[in-house]
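Below is one structure; the comments refer to it alone.
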Amino acid sequence: MSPLPPAIFLMGPTASGKTNVAVELAQRLPVELISVDSALVYRDMDIGTAKPDAATLARAPHHLIDIIDPTEAYSAAAFRHDALRLMHDITQRGKIPLLVGGTMLYFKALREGLSDLPQSDPAMRSALEAEIAQHGIQHLHQQLAQVDAETAARLKPTDTQRIQRAMEIYRITGQPMSTLIGQQQSTELPYRIIPIALVPSDRAVLHQRIATRFATMLKQGLVDELRALRKKYPLHPNMTSMRCVGYRQAWQFMEGEINDVELLETGIASTRQLAKRQLTWLRSMPDNIELDCLAPDLAQKVLDNLTENL
């Protein structure tokens, strides 16, 4: 077994029960929890992110929850920097880092490192936004296809955020984003990773969990939460925080773009699409220990596997 200190990755799609398992493990193992979730970083966004409540966080504190305002941005690079610092500190305290969440890009960035892409340039971003407003995102996608066919083929013609970022990188550096990513240096983590993937044995049951959870979020006051957020912060719908599943649909409802039935239906559909993407990411990751997230004794199964591997 590797002499490197262990670190546990507890991964899974939305509604797979990750938080409950992590809280149980925190009662039974010498671990500290690090949230790997691009939505839980935002303060005051509680209902729509399924953020653990105060009682849960008192039992099992999570690092990297409630660290920025919804008007701010948080990147995979920022997560990697913060997570590495926390993992080092946790290990120095004689405990095991347990990273739990569903933002697979963050797990990938932590494990494999990141390419050296340029920081966003406000002037360039504004110029691209003006182009999009005048000609549409499809026009920018066509331009991207001419200078970076690999990236353009990977992106949907309607993916405004990623198309804009890819064109911004090309115009700043003069090189395609795909080329810069290809030059990425592999960065080995100084930890022995134990990757646990919670996957459903029956996708239909996960879908039902998702439907029930989103309906519960609406009953708990997701729209009222967004209304309060809009009063407290200068938000607009293109901010990263407001593109989170649930908030995006609630914003459309508040603007009269969809009705209450459509709010429920589109929220459930978007969450199911998110889960599908998360499962695709998980399948592409090497060496995962896959466990059925629908198992009634899931926490015990995870604990048994960890006991064998720690």
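The values are calculated or read from the model by the stated rules, or taken from the named source; none is laboratory data. Everything quoted here is computed from the prediction, not taken from an experiment. Cβ: placed from backbone, ideal geometry, glycine included. Neighbour counts: every protein chain shown.
Quick look at the numbers
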read-out	value
Selection within the stretch 61-73 - closer than 18 Å to Leu99 by Cα and either out of contact with any strand residue (DSSP E or B) (no Cβ under 6 Å at 6 or more places or on another chain) or in a helix (DSSP H, G or I) (or both)	Pro61, Asp66, Ile67
Within the stretch 241-309, helices (runs of 4 or more DSSP H) holding 3 or more residues that are surrounded by fewer than 15 Cβ atoms within 10 Å (Cβ to Cβ) and more than 24 Å from the chain's Cα centre (by Cα)	260-284, 298-309
Counted residues, the stretch 115-164 - those being outside any helix (DSSP H, G or I) and either farther than 29 Å from Arg80 by Cβ or modelled with pLDDT under 90 (or both)	9
One residue from Ala149, Ala215, Ala204 being over 23 Å from the mean Cα position of the chain (by Cα) and surrounded by fewer than 19 Cβ atoms within 10 Å (Cβ to Cβ)	Ala149
Members of the stretch 60-79 found to be at pLDDT 95 or above and farther than 30 Å from Lys231 by Cβ, listed by number	Ala60
Conditions (1) under 24 Å from Tyr42 (Cβ atoms); (2) free of Cβ contacts under 8 Å to residues at least 12 places away in the same chain; number of the one not met by Trp251	(2)
Gly48 vs. criteria in contact with a Gly (Cβ under 7 Å, 6 or more places away or on another chain), buried (at least 23 other Cβ atoms within 10 Å of the Cβ), over 23 Å from Asp287 (Cα atoms) and assigned by TED's automatic domain parsing to the domain that holds Glu290	yes
Selected residue (criterion: nearest to the chain's Cα centre (by Cα)) from residues of the stretch 50-71 that are closer than 21 Å to Gln161 by Cα and touching a residue at least 40 places away in the same chain (Cβ under 8 Å)	Pro70
Residue within the stretch 10-26 that is assigned by TED's automatic domain parsing to the domain that holds Lys301, of a type outside the set (A, V, I, L, M) and over 19 Å from Leu306 (Cα atoms) present	yes
Residue, surrounded by the most Cβ atoms within 10 Å (Cβ to Cβ), within the stretch 165-201, restricted to residues that are of a type in the set (Val, Ile, Thr) and part of a helix (DSSP H, G or I)	Ile169
Residues satisfying the stated conditions in the stretch 245-269, i.e. within 14 Å of Met217 (Cα to Cα) and polar (S, T, N, Q)	Gln249, Thr266
Index of the failed condition, Ala204 passing every other in (1) small (Gly, Ala, Ser); (2) part of a helix (DSSP H, G or I); (3) in contact (Cβ under 8 Å) with a residue 24 or more places away in the chain	(3)
Qualifying residue in the stretch 93-102 (condition: part of a loop (DSSP other than H, G, I, E, B) and under 24 Å from Gln249 (Cα atoms))	yes
